[in-house]
Amino acid sequence: MTIENIEMPKLGESVTEGTIEKWLVKPGDTVNKYDPLAEVNTDKVTAEIPSSFAGTIKEIIVQEGETVEVGVVVCTIETEGGAEAPVEAVPANEEPANKMPATGSRKPAAPIKREVGAARFSPAVMRLAQEHSIDLSLVQGSGKEGRITRKDIQRIIDSGEIPTAETVQIEQAPKSVEQHVSAPAQSASAGKAADQASVSTAAGDIEIPITGVRRAIATNMLRSKHEAPHAWTMIEVDVTNLVQYRDSLKNDFKQKEGFNLTYFAFFVKAVSQALKEFPMMNSMWAGDKIIQKKDINISIAVATEDALYVPVIKHADEKTIKGIGREINELASKVRSGKLKSDEMQGGTFTVNNTGSFGSIQSMGIINYPQAAILQVESIVKRPVVMNGGMIAVRDMVNLCLSLDHRVLDGLVAGRFLARVKEILENITESNTSVY
(Lines give C-alpha, C1' and ligand atoms only; values in the text may rest on other atoms or scores of the structure.)
Protein backbone atom coordinates (compact mmCIF):
# COMPACT_ATOMS: atom_id res chain seq x y z
CA MET A 1 0.00 0.00 0.00
CA THR A 2 1.22 3.50 -0.85
CA ILE A 3 0.07 6.90 0.43
CA GLU A 4 -0.12 9.45 -2.41
CA ASN A 5 -0.60 13.20 -2.11
CA ILE A 6 -3.16 15.29 -4.02
CA GLU A 7 -1.96 18.89 -4.35
CA MET A 8 -3.73 22.18 -5.06
CA PRO A 9 -3.39 22.43 -8.86
CA LYS A 10 -2.31 25.49 -10.84
CA LEU A 11 -5.48 26.66 -12.57
CA GLY A 12 -4.10 29.57 -14.58
CA GLU A 13 -0.97 31.42 -15.59
CA SER A 14 -1.27 34.01 -12.82
CA VAL A 15 -3.08 31.86 -10.25
CA THR A 16 -1.05 31.25 -7.09
CA GLU A 17 -3.68 29.86 -4.72
CA GLY A 18 -7.15 28.37 -4.57
CA THR A 19 -10.02 27.87 -2.14
CA ILE A 20 -11.58 24.48 -1.46
CA GLU A 21 -15.23 25.28 -2.08
CA LYS A 22 -16.66 21.81 -1.46
CA TRP A 23 -15.32 18.31 -0.89
CA LEU A 24 -17.02 15.67 -3.03
CA VAL A 25 -15.45 12.78 -1.08
CA LYS A 26 -14.71 11.86 2.54
CA PRO A 27 -12.14 9.64 4.27
CA GLY A 28 -12.83 6.00 3.51
CA ASP A 29 -14.40 6.66 0.11
CA THR A 30 -13.09 4.60 -2.80
CA VAL A 31 -12.22 6.59 -5.91
CA ASN A 32 -11.08 5.80 -9.42
CA LYS A 33 -8.53 7.73 -11.41
CA TYR A 34 -10.06 10.96 -12.82
CA ASP A 35 -12.93 10.95 -10.31
CA PRO A 36 -13.63 14.51 -9.05
CA LEU A 37 -12.46 14.98 -5.46
CA ALA A 38 -13.31 18.63 -4.70
CA GLU A 39 -14.55 21.85 -6.18
CA VAL A 40 -11.90 24.57 -6.01
CA ASN A 41 -12.35 28.28 -6.65
CA THR A 42 -9.88 30.99 -7.65
CA ASP A 43 -10.43 34.56 -8.78
CA LYS A 44 -10.20 33.22 -12.33
CA VAL A 45 -12.29 30.06 -12.47
CA THR A 46 -14.17 27.35 -10.58
CA ALA A 47 -12.84 23.87 -11.31
CA GLU A 48 -12.79 20.31 -10.05
CA ILE A 49 -9.70 18.56 -8.67
CA PRO A 50 -9.59 15.10 -10.27
CA SER A 51 -7.97 12.14 -8.61
CA SER A 52 -4.56 11.18 -9.98
CA PHE A 53 -4.91 7.70 -8.54
CA ALA A 54 -7.34 4.87 -7.88
CA GLY A 55 -7.59 4.07 -4.19
CA THR A 56 -9.15 5.06 -0.87
CA ILE A 57 -9.32 8.58 0.54
CA LYS A 58 -7.01 8.52 3.57
CA GLU A 59 -7.09 12.07 4.95
CA ILE A 60 -8.71 15.42 4.14
CA ILE A 61 -6.04 18.00 5.00
CA VAL A 62 -7.44 21.31 3.73
CA GLN A 63 -10.96 22.05 4.94
CA GLU A 64 -13.83 23.64 3.01
CA GLY A 65 -13.45 27.41 2.80
CA GLU A 66 -9.70 27.33 3.37
CA THR A 67 -7.38 29.02 0.86
CA VAL A 68 -3.96 27.50 0.18
CA GLU A 69 -1.14 27.99 -2.28
CA VAL A 70 -0.67 25.99 -5.47
CA GLY A 71 1.29 22.84 -4.65
CA VAL A 72 0.02 22.47 -1.06
CA VAL A 73 -1.25 18.95 -0.31
CA VAL A 74 -5.04 19.01 0.12
CA CYS A 75 -5.70 15.31 0.74
CA THR A 76 -4.04 11.89 0.65
CA ILE A 77 -5.05 8.66 -1.06
CA GLU A 78 -4.07 5.11 -0.15
CA THR A 79 -3.30 3.14 -3.29
CA GLU A 80 -2.22 -0.33 -4.27
CA GLY A 81 0.83 -0.83 -6.46
CA GLY A 82 3.00 1.83 -8.13
CA ALA A 83 2.28 5.50 -8.59
CA GLU A 84 0.93 6.99 -11.78
CA ALA A 85 1.45 10.29 -13.54
CA PRO A 86 -0.54 13.21 -12.11
CA VAL A 87 -3.80 14.40 -13.63
CA GLU A 88 -4.41 18.08 -14.33
CA ALA A 89 -7.45 19.84 -12.91
CA VAL A 90 -10.24 20.67 -15.35
CA PRO A 91 -12.91 23.37 -15.22
CA ALA A 92 -16.15 22.35 -13.52
CA ASN A 93 -18.60 20.34 -15.69
CA GLU A 94 -15.88 19.35 -18.17
CA GLU A 95 -14.24 15.99 -18.72
CA PRO A 96 -10.47 15.42 -18.99
CA ALA A 97 -9.34 15.54 -22.60
CA ASN A 98 -7.60 12.16 -22.33
CA LYS A 99 -8.70 9.45 -19.93
CA MET A 100 -6.00 6.93 -20.93
CA PRO A 101 -3.60 6.21 -18.04
CA ALA A 102 -0.28 7.98 -18.47
CA THR A 103 2.90 5.93 -18.56
CA GLY A 104 6.08 6.48 -16.65
CA SER A 105 6.84 6.86 -12.98
CA ARG A 106 6.62 9.62 -10.45
CA LYS A 107 9.05 10.72 -7.78
CA PRO A 108 8.20 9.74 -4.20
CA ALA A 109 5.61 12.02 -2.64
CA ALA A 110 7.10 15.10 -1.02
CA PRO A 111 6.34 15.91 2.63
CA ILE A 112 3.21 17.94 3.24
CA LYS A 113 4.01 21.67 3.17
CA ARG A 114 3.21 23.58 6.38
CA GLU A 115 3.58 27.30 6.83
CA VAL A 116 4.36 28.49 10.32
CA GLY A 117 2.84 31.76 11.50
CA ALA A 118 3.81 34.76 9.40
CA ALA A 119 7.24 33.38 8.48
CA ARG A 120 6.12 32.76 4.88
CA PHE A 121 3.58 34.57 2.76
CA SER A 122 1.98 33.59 -0.53
CA PRO A 123 2.67 35.79 -3.60
CA ALA A 124 -0.96 36.95 -3.52
CA VAL A 125 -0.62 38.05 0.13
CA MET A 126 2.65 39.85 -0.59
CA ARG A 127 1.19 41.61 -3.64
CA LEU A 128 -1.96 42.81 -1.85
CA ALA A 129 0.04 43.95 1.17
CA GLN A 130 2.45 45.94 -0.98
CA GLU A 131 -0.34 47.53 -3.04
CA HIS A 132 -2.11 48.77 0.10
CA SER A 133 0.94 49.47 2.32
CA ILE A 134 -0.02 46.84 4.87
CA ASP A 135 2.60 45.84 7.45
CA LEU A 136 2.24 42.05 7.62
CA SER A 137 3.84 41.97 11.06
CA LEU A 138 0.66 43.62 12.39
CA VAL A 139 -1.75 41.15 10.77
CA GLN A 140 -3.26 38.27 12.74
CA GLY A 141 -3.53 35.27 10.42
CA SER A 142 -6.61 33.05 10.39
CA GLY A 143 -5.01 30.15 8.53
CA LYS A 144 -3.53 27.03 9.99
CA GLU A 145 -0.86 27.71 12.59
CA GLY A 146 -1.59 31.44 12.28
CA ARG A 147 -0.77 31.68 8.57
CA ILE A 148 -1.84 34.93 6.92
CA THR A 149 -4.16 34.28 3.97
CA ARG A 150 -5.37 36.48 1.16
CA LYS A 151 -8.76 36.63 2.91
CA ASP A 152 -7.11 38.17 5.97
CA ILE A 153 -5.55 40.93 3.85
CA GLN A 154 -8.74 41.52 1.87
CA ARG A 155 -10.73 41.79 5.11
CA ILE A 156 -8.39 44.56 6.30
CA ILE A 157 -8.66 46.38 2.96
CA ASP A 158 -12.46 46.15 2.99
CA SER A 159 -12.64 47.49 6.55
CA GLY A 160 -10.56 50.56 5.72
CA GLU A 161 -8.52 50.03 8.93
CA ILE A 162 -5.18 49.49 7.25
CA PRO A 163 -2.05 49.36 9.45
CA THR A 164 0.68 51.77 8.34
CA ALA A 165 4.26 52.57 9.28
CA GLU A 166 2.83 55.04 11.82
CA THR A 167 1.00 52.20 13.49
CA VAL A 168 4.25 50.29 13.79
CA GLN A 169 5.89 53.27 15.50
CA ILE A 170 3.01 53.54 17.94
CA GLU A 171 3.25 49.87 18.88
CA GLN A 172 7.00 50.22 19.40
CA ALA A 173 6.60 53.38 21.56
CA PRO A 174 7.00 53.29 25.38
CA LYS A 175 4.09 51.78 27.27
CA SER A 176 2.98 55.14 28.70
CA VAL A 177 2.57 56.56 25.19
CA GLU A 178 0.83 53.43 23.95
CA GLN A 179 -1.79 53.77 26.69
CA HIS A 180 -2.68 57.26 25.43
CA VAL A 181 -3.08 56.29 21.78
CA SER A 182 -4.77 52.91 22.15
CA ALA A 183 -8.23 54.26 22.91
CA PRO A 184 -9.07 55.46 19.36
CA ALA A 185 -7.93 52.15 17.92
CA GLN A 186 -10.08 50.28 20.42
CA SER A 187 -13.05 52.50 19.53
CA ALA A 188 -12.60 51.75 15.84
CA SER A 189 -12.43 48.04 16.52
CA ALA A 190 -15.46 48.27 18.77
CA GLY A 191 -17.32 50.18 16.05
CA LYS A 192 -16.55 47.51 13.50
CA ALA A 193 -17.68 44.78 15.90
CA ALA A 194 -20.88 46.72 16.56
CA ASP A 195 -21.59 46.97 12.82
CA GLN A 196 -21.20 43.22 12.47
CA ALA A 197 -23.31 42.54 15.54
CA SER A 198 -26.10 44.81 14.28
CA VAL A 199 -26.83 42.31 11.49
CA SER A 200 -28.73 39.88 13.66
CA THR A 201 -30.89 36.97 12.58
CA ALA A 202 -34.41 36.23 13.63
CA ALA A 203 -36.77 33.32 13.23
CA GLY A 204 -37.40 32.69 9.55
CA ASP A 205 -34.25 34.48 8.35
CA ILE A 206 -32.11 32.55 5.90
CA GLU A 207 -28.31 32.67 6.07
CA ILE A 208 -26.79 32.22 2.61
CA PRO A 209 -23.12 31.14 2.54
CA ILE A 210 -20.86 33.23 0.30
CA THR A 211 -19.73 31.17 -2.69
CA GLY A 212 -16.36 31.60 -4.31
CA VAL A 213 -17.92 33.18 -7.39
CA ARG A 214 -19.92 35.67 -5.31
CA ARG A 215 -16.82 36.53 -3.29
CA ALA A 216 -14.80 37.08 -6.48
CA ILE A 217 -17.53 39.40 -7.82
CA ALA A 218 -17.60 41.32 -4.55
CA THR A 219 -13.81 41.67 -4.47
CA ASN A 220 -13.59 42.92 -8.05
CA MET A 221 -16.47 45.38 -7.67
CA LEU A 222 -15.10 46.72 -4.38
CA ARG A 223 -11.66 47.18 -5.90
CA SER A 224 -13.15 49.01 -8.88
CA LYS A 225 -15.13 51.43 -6.69
CA HIS A 226 -12.19 52.03 -4.33
CA GLU A 227 -9.51 52.54 -6.98
CA ALA A 228 -11.29 54.00 -10.00
CA PRO A 229 -12.92 57.45 -9.65
CA HIS A 230 -16.21 56.84 -11.45
CA ALA A 231 -17.87 59.45 -13.64
CA TRP A 232 -21.17 58.91 -15.43
CA THR A 233 -22.97 60.24 -18.48
CA MET A 234 -26.02 59.27 -20.56
CA ILE A 235 -27.19 59.83 -24.11
CA GLU A 236 -30.58 59.24 -25.75
CA VAL A 237 -30.68 57.44 -29.09
CA ASP A 238 -33.49 57.12 -31.66
CA VAL A 239 -33.31 53.50 -32.85
CA THR A 240 -36.60 53.42 -34.78
CA ASN A 241 -34.87 52.44 -38.03
CA LEU A 242 -32.80 49.76 -36.27
CA VAL A 243 -35.92 48.24 -34.69
CA GLN A 244 -37.75 48.14 -38.03
CA TYR A 245 -34.76 46.61 -39.80
CA ARG A 246 -34.15 43.94 -37.18
CA ASP A 247 -37.84 43.05 -36.91
CA SER A 248 -38.02 42.59 -40.70
CA LEU A 249 -35.15 40.07 -40.53
CA LYS A 250 -35.66 38.18 -37.29
CA ASN A 251 -37.98 35.35 -38.46
CA ASP A 252 -36.02 34.42 -41.58
CA PHE A 253 -32.75 34.83 -39.70
CA LYS A 254 -33.83 32.45 -36.92
CA GLN A 255 -34.97 29.86 -39.43
CA LYS A 256 -31.76 30.12 -41.44
CA GLU A 257 -29.14 30.51 -38.69
CA GLY A 258 -30.74 28.66 -35.77
CA PHE A 259 -30.44 31.47 -33.19
CA ASN A 260 -32.16 34.79 -32.52
CA LEU A 261 -30.95 38.05 -34.06
CA THR A 262 -31.09 40.33 -31.03
CA TYR A 263 -30.88 44.11 -30.79
CA PHE A 264 -27.89 43.64 -28.52
CA ALA A 265 -25.74 42.36 -31.38
CA PHE A 266 -26.29 45.65 -33.22
CA PHE A 267 -25.25 47.63 -30.13
CA VAL A 268 -22.07 45.60 -29.61
CA LYS A 269 -21.15 46.07 -33.27
CA ALA A 270 -21.73 49.83 -33.07
CA VAL A 271 -19.61 50.09 -29.90
CA SER A 272 -16.74 48.07 -31.38
CA GLN A 273 -16.79 50.29 -34.48
CA ALA A 274 -16.69 53.47 -32.36
CA LEU A 275 -13.84 52.07 -30.25
CA LYS A 276 -11.69 51.83 -33.38
CA GLU A 277 -12.27 55.53 -33.97
CA PHE A 278 -11.76 56.48 -30.30
CA PRO A 279 -9.04 54.06 -29.10
CA MET A 280 -8.54 55.95 -25.84
CA MET A 281 -11.85 54.43 -24.69
CA ASN A 282 -10.17 51.04 -25.10
CA SER A 283 -7.53 51.77 -22.45
CA MET A 284 -6.57 50.72 -18.92
CA TRP A 285 -4.92 52.43 -15.94
CA ALA A 286 -1.58 50.82 -15.06
CA GLY A 287 -0.25 52.89 -12.16
CA ASP A 288 2.49 54.96 -13.78
CA LYS A 289 1.08 54.71 -17.29
CA ILE A 290 -2.09 54.20 -19.35
CA ILE A 291 -2.18 51.20 -21.67
CA GLN A 292 -4.16 51.67 -24.86
CA LYS A 293 -5.17 48.18 -25.99
CA LYS A 294 -4.76 47.20 -29.63
CA ASP A 295 -7.38 44.44 -29.66
CA ILE A 296 -11.03 45.30 -29.20
CA ASN A 297 -12.43 42.58 -26.94
CA ILE A 298 -15.95 43.28 -25.71
CA SER A 299 -16.95 41.87 -22.32
CA ILE A 300 -20.66 41.14 -21.95
CA ALA A 301 -22.48 40.53 -18.67
CA VAL A 302 -24.44 37.27 -18.37
CA ALA A 303 -26.38 36.58 -15.17
CA THR A 304 -27.41 33.29 -13.62
CA GLU A 305 -29.73 32.91 -10.63
CA ASP A 306 -26.97 33.61 -8.11
CA ALA A 307 -23.95 35.00 -9.97
CA LEU A 308 -22.75 37.26 -12.76
CA TYR A 309 -20.24 36.19 -15.39
CA VAL A 310 -18.49 38.39 -17.94
CA PRO A 311 -17.45 36.37 -21.01
CA VAL A 312 -15.55 38.12 -23.79
CA ILE A 313 -16.19 38.54 -27.52
CA LYS A 314 -12.63 38.63 -28.89
CA HIS A 315 -11.83 40.96 -31.82
CA ALA A 316 -15.42 42.17 -31.96
CA ASP A 317 -14.51 44.88 -34.48
CA GLU A 318 -13.57 42.17 -37.01
CA LYS A 319 -16.89 40.33 -36.70
CA THR A 320 -20.18 40.87 -38.52
CA ILE A 321 -23.46 41.46 -36.69
CA LYS A 322 -24.31 37.83 -37.36
CA GLY A 323 -20.94 36.69 -35.97
CA ILE A 324 -21.36 38.80 -32.84
CA GLY A 325 -24.92 37.53 -32.39
CA ARG A 326 -23.79 33.92 -32.66
CA GLU A 327 -21.02 34.46 -30.11
CA ILE A 328 -23.39 36.20 -27.67
CA ASN A 329 -25.75 33.23 -27.94
CA GLU A 330 -23.00 30.64 -27.47
CA LEU A 331 -21.34 32.39 -24.53
CA ALA A 332 -24.66 32.91 -22.75
CA SER A 333 -25.52 29.23 -23.22
CA LYS A 334 -22.16 28.18 -21.77
CA VAL A 335 -22.66 30.40 -18.73
CA ARG A 336 -26.11 29.01 -17.98
CA SER A 337 -25.01 25.40 -18.48
CA GLY A 338 -21.89 25.86 -16.35
CA LYS A 339 -19.53 25.11 -19.24
CA LEU A 340 -17.85 28.50 -19.61
CA LYS A 341 -14.04 28.19 -19.60
CA SER A 342 -11.73 30.56 -17.76
CA ASP A 343 -10.01 31.75 -20.95
CA GLU A 344 -13.40 32.81 -22.30
CA MET A 345 -13.58 35.43 -19.53
CA GLN A 346 -10.07 36.80 -20.07
CA GLY A 347 -8.77 39.70 -22.14
CA GLY A 348 -11.79 42.03 -22.13
CA THR A 349 -10.99 45.67 -22.90
CA PHE A 350 -14.46 47.31 -22.74
CA THR A 351 -17.77 46.11 -21.29
CA VAL A 352 -21.26 46.39 -22.79
CA ASN A 353 -24.06 45.40 -20.43
CA ASN A 354 -27.58 44.62 -21.66
CA THR A 355 -29.43 46.02 -18.62
CA GLY A 356 -32.45 46.72 -20.79
CA SER A 357 -33.24 43.01 -20.88
CA PHE A 358 -34.58 43.44 -17.33
CA GLY A 359 -36.68 46.49 -18.19
CA SER A 360 -34.18 49.07 -16.92
CA ILE A 361 -34.28 52.51 -18.53
CA GLN A 362 -31.39 54.13 -16.63
CA SER A 363 -28.52 52.70 -14.57
CA MET A 364 -25.01 53.43 -13.34
CA GLY A 365 -22.69 50.47 -13.93
CA ILE A 366 -19.57 49.70 -11.91
CA ILE A 367 -16.56 49.55 -14.20
CA ASN A 368 -15.23 46.06 -14.88
CA TYR A 369 -11.72 46.48 -13.40
CA PRO A 370 -9.13 47.11 -14.88
CA GLN A 371 -11.07 48.41 -17.88
CA ALA A 372 -11.74 52.14 -18.17
CA ALA A 373 -15.45 52.14 -19.04
CA ILE A 374 -18.71 50.20 -19.13
CA LEU A 375 -21.72 50.99 -21.33
CA GLN A 376 -25.22 50.07 -20.15
CA VAL A 377 -27.74 49.48 -22.95
CA GLU A 378 -31.19 50.19 -21.52
CA SER A 379 -34.67 49.16 -22.65
CA ILE A 380 -35.93 50.29 -26.03
CA VAL A 381 -39.21 52.09 -25.33
CA LYS A 382 -41.68 54.03 -27.47
CA ARG A 383 -41.83 57.75 -26.66
CA PRO A 384 -43.40 60.83 -28.23
CA VAL A 385 -40.56 62.85 -29.77
CA VAL A 386 -40.57 66.34 -31.28
CA MET A 387 -39.22 65.98 -34.82
CA ASN A 388 -37.82 68.57 -37.23
CA GLY A 389 -40.48 71.10 -38.13
CA GLY A 390 -42.21 70.75 -34.75
CA MET A 391 -44.11 67.56 -35.58
CA ILE A 392 -44.57 64.96 -32.80
CA ALA A 393 -44.04 61.30 -33.61
CA VAL A 394 -43.84 58.07 -31.64
CA ARG A 395 -40.28 56.77 -31.89
CA ASP A 396 -38.29 53.83 -30.49
CA MET A 397 -35.82 55.38 -28.03
CA VAL A 398 -33.04 53.94 -25.90
CA ASN A 399 -30.74 55.38 -23.23
CA LEU A 400 -27.04 54.52 -23.32
CA CYS A 401 -25.41 55.03 -19.89
CA LEU A 402 -21.61 55.23 -19.69
CA SER A 403 -19.54 54.86 -16.52
CA LEU A 404 -15.89 55.84 -16.96
CA ASP A 405 -12.65 55.82 -15.00
CA HIS A 406 -11.78 59.52 -14.67
CA ARG A 407 -8.08 58.68 -14.25
CA VAL A 408 -8.03 57.46 -17.85
CA LEU A 409 -10.89 59.27 -19.58
CA ASP A 410 -12.26 62.80 -19.60
CA GLY A 411 -15.72 64.04 -20.53
CA LEU A 412 -14.59 65.25 -23.95
CA VAL A 413 -13.48 61.89 -25.36
CA ALA A 414 -16.36 60.08 -23.63
CA GLY A 415 -18.89 62.52 -25.08
CA ARG A 416 -17.47 62.21 -28.58
CA PHE A 417 -17.43 58.43 -28.31
CA LEU A 418 -21.09 58.31 -27.24
CA ALA A 419 -22.05 60.73 -30.00
CA ARG A 420 -20.40 58.44 -32.55
CA VAL A 421 -22.19 55.36 -31.17
CA LYS A 422 -25.46 57.32 -31.42
CA GLU A 423 -24.70 58.30 -35.02
CA ILE A 424 -23.97 54.71 -36.05
CA LEU A 425 -27.14 53.34 -34.42
CA GLU A 426 -29.43 56.04 -35.77
CA ASN A 427 -28.20 55.43 -39.32
CA ILE A 428 -28.73 51.67 -39.39
CA THR A 429 -31.10 50.89 -42.25
CA GLU A 430 -31.74 48.04 -44.64
CA SER A 431 -30.03 49.95 -47.46
CA ASN A 432 -26.70 50.62 -45.69
CA THR A 433 -26.33 47.84 -43.08
CA SER A 434 -25.76 44.12 -43.58
CA VAL A 435 -25.87 41.58 -40.79
CA TYR A 436 -23.53 39.31 -42.79
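The values are calculated or read from the model by the stated rules, or taken from the named source; none is laboratory data. Keep in mind that what you see is a predicted model, and the values were worked out from it rather than measured. Methodologically, a virtual Cβ is constructed for each residue, glycine included, from the backbone with ideal geometry; neighbour enumeration extends over all protein chains shown. To get the accessible areas, we keep the full protein, side chains included, count just its heavy atoms, and leave off ligands, DNA and RNA. Shrake-Rupley method; radii C 1.70, N 1.55, O 1.52, S 1.80 Å.
Can you say whether residue 427 is exposed (fewer than 13 other Cβ atoms within 10 Å of the Cβ) and at pLDDT 95 or above, as far as the supplied structure shows? Yes, satisfied.
Exactly one residue out of 64, 39 is open to solvent by 20 Å² or more (accessible area, probe 1.4 Å), modelled with pLDDT of 85 or more, closer than 30 Å to residue 346 by Cβ and in a strand (DSSP E or B), and it is 39. With respect to (1) crowded, with 20+ Cβ neighbours inside 10 Å; (2) over 20 Å from the mean Cα position of the chain (by Cα); (3) among the charged types (D, E, K, R), the lone exception for residue 327 is condition (2). Of all residue pairs spaced 6 or more apart or on separate chains, those with beta-carbon atoms under 8 Å, a first member in region 328-344 that is of a type in the set (Asp, Glu) and a second member that is not in a helix (DSSP H, G or I) are 344/311; 344/312. Criterion applied to 422, 334, 339 was being basic (Lys, Arg), modelled with pLDDT of 95 or more and open to solvent by 50 Å² or more (accessible area, probe 1.4 Å), and the one residue passing it is 422. Kindly evaluate residue 344 against the criterion of being touching a strand residue (DSSP E or B) at 6+ places or on another chain (Cβ under 7 Å) and open to solvent by less than 10 Å² (accessible area, probe 1.4 Å). In short, no. If you go through region 1-26 and keep only what is hydroxyl-bearing (Ser, Thr, Tyr), modelled with pLDDT under 85 and either crowded, with 17+ Cβ neighbours inside 10 Å or touching a Leu at 6+ places or on another chain (Cβ under 7 Å) (or both), you end up with just 16.
Here residue 418 passes the criteria (1) assigned to a strand (DSSP E or B); (2) closer than 30 Å to residue 253 by Cα except the one numbered (1). A Cβ distance below 8 Å, combined with a sequence gap of six or more or placement on separate chains, defines the contacts here; from region 54-72, residues that are under 16 Å from residue 21 (Cβ atoms) reach residues that are among the aromatic types (Phe, Trp, Tyr) and open to solvent by 10 Å² or more (accessible area, probe 1.4 Å) in the pairs 60/23; 64/23.
The selection criterion, being hydroxyl-bearing (Ser, Thr, Tyr) and either over 23 Å from residue 219 (Cβ atoms) or under 16 Å from the mean Cα position of the chain (by Cα) (or both), holds for residue 349.
In region 310-324, what count of residues is obtained for those that are in contact (Cβ under 8 Å) with a residue 40 or more places away in the chain and over 22 Å from residue 277 (Cα atoms)? Here the count works out to 1. When 316, 332 are screened for being under 18 Å from the mean Cα position of the chain (by Cα) and of a type in the set (A, V, I, L, M, F, W, C), only 332 passes. Within region 142-158, being open to solvent by less than 40 Å² (accessible area, probe 1.4 Å) and in a helix (DSSP H, G or I) holds for 146, 152, 153, 154, 156, 157.
Only one of the numbered conditions (1) open to solvent by less than 50 Å² (accessible area, probe 1.4 Å); (2) touching a residue at least 40 places away in the same chain (Cβ under 8 Å); (3) among the β-branched types (Val, Ile, Thr); (4) in contact with a strand residue (DSSP E or B) (Cβ under 8 Å, 6 or more places away or on another chain) is not met by residue 302, and that is (2).
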